[in-house]
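Enquirer: Structure incoming, see below.
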Amino acid sequence: MALSQSARKTIEKEANAILAELKITKPPVVASLLFSYIEKKFGPVVEAPISSGSIGNKKIEGFVQSGKGMFIIGWDAKREKSIQDYIKIHEVGHILYNHGDSFRKSVGGYQNSEEICDYFALCVVVNPKMLKRYWKINQNILSLANIFETSPAYISKMLSYQGLSN
């Protein structure tokens, strides 16, 4: 099930508020900055890169585990850096969704957590406000991907969500 327009707006608002609190006004946004936000709000973050891309027989892109007042965020360290940051920020979304009651309630309870966290990561990595500002200057997806230090696919996806195209 796709996220509603209302849920997307709520997620964008949450991403914008976090970026504003962190005083991030231009790309790129790196995951370590959001880890510091989580540490202030909820507790320590331990980074756990997975060099094999799997745990046992299970292939993973990322995971978050909580306990004893801390969060362990793991990700596939074989992926390119821009994808790794997206995965880590997606996992930050799970922390916000599972531990930030107002965020969870405003986007519809426990439904669609993967879609919610995907869109949250997209809104942080390719922030709609920043993208619109840069889109006015440069409508080349590859150039924008370089500016945002992310995948052209993420740029294209956000352009589509924002009703922009070239």
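What follows draws every value from the coordinates through simple rules; no lab data is involved. Because the structure is a prediction, the values reported are computed rather than measured. Counting neighbours? That spans all protein chains shown, and the Cβs are built from the backbone with ideal geometry, glycine included.
Enquirer: Work out the length of the dipole vector of region 5-126 about its Cα centre, built from +1 on the beta-carbon of each Lys and Arg and -1 on the beta-carbon of each Asp and Glu, and round it to the nearest 20 debye.
Expert: On the way: 16 positive and 14 negative charges, 26 e Å.
Using Cβ point charges on Lys, Arg, Asp and Glu, region 5-126 gives about 120 debye.
Enquirer: Give me GLU91, GLU114 ranked fewest to most by other Cβ atoms within 10 Å of their Cβ, as a rough exposure proxy.
Expert: On the way: GLU91 26, GLU114 11.
Fewest to most other Cβ atoms nearby, the residues stand as GLU114, GLU91.
Enquirer: Ok, one more. Between LYS132 and SER4, what's the calculated FRET efficiency when r is the beta-carbon distance and R0 is 25 Å? Round to 0.05. Provide the component values of the computation, followed by the final result.
Expert: Values: r = 21 Å, r/R0 = 0.84.
For R0 = 25 Å, the calculated efficiency reads 0.75.
Enquirer: Also, quick follow-up: Mind ordering 148-155, 65-72, 119-126 by average Cβ neighbours within 10 Å, highest first? Can you show the working numbers first?
Expert: Details: 148-155: 18.8, 65-72: 12.5, 119-126: 26.2.
Averaged packing, sorted descending, gives the order 119-126, 148-155, 65-72.
Enquirer: Still on this structure, please answer the following. Hey, how much of the P(r) for region 33-104 falls beyond 21 Å, as a percent of Cα pairs? Spell out each step's value before the answer.
Expert: Details: 595 of 2556 pairs.
I get 23 percent for the Cα pairs in region 33-104 exceeding 21 Å.
Enquirer: Which order results if LEU142, LEU34, LEU164, LEU131 are arranged by neighbouring Cβ count within 10 Å, fewest first?
Expert: Working: LEU142 10, LEU34 27, LEU164 15, LEU131 22.
In order of increasing Cβ crowding within 10 Å: LEU142, LEU164, LEU131, LEU34.
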